[in-house]
Structures are given as C-alpha cells and as structure tokens.
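Worksheet for the structure shown next.
Values quoted throughout were computed directly from the atomic coordinates according to the rules given, and no laboratory measurement underlies them. Predicted model only: the values in this text are computed from it and were never measured. Note that we place each Cβ from the backbone using ideal geometry, even for glycine, and neighbour counts take in every protein chain shown.
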Amino acid sequence: DIREKTDDMIEEKRIANEWRFAAIVVDRIGLILFTIVIAITSLTIAIRAPYLVA
C-alpha cells in the first residue's frame, strides 16, 4: 500500500515535470514568434513612413 502510494507520487511528479517542460517549450516558441512579428511590423512601418526618408 505504501509502496503503491510512493510509486503513484513518483509517477505524478514525472508527468507534472513533462507538462512543465512542454509548457516552457510552447511559451518560448510563442515569445520568439511574437518578437519576430513585432520586429517585422516595426521595420515595415519605419520603412514605409514618408517623413523618415526625407
């Protein structure tokens, strides 16, 4: 009984760590995509602004 509870707790921790890692990966991908979109948008606006060329 105690052995089963210990095994269950270890398994739950392992699964929680896997989900935590997956969340970190998804979060990092979102950050990278957001940064790229903001950079491209900012550059596009700056390049198309007529008063910056003159």
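Details
- Just one of the listed residues (E4, E18, E11) is loosely packed, with under 10 Cβ neighbours inside 10 Å and of a type outside the set (K, R), and it is E4.
- Within the stretch 19-44, no residue that is in contact (Cβ under 8 Å) with a residue 24 or more places away in the chain and assigned to a helix (DSSP H, G or I) sits with its Cβ atom under 7 Å from a residue that is among the hydrophobic types (A, V, I, L, M, F, W, C) and surrounded by 10 or more Cβ atoms within 10 Å (Cβ to Cβ) at 6+ positions apart or across chains.
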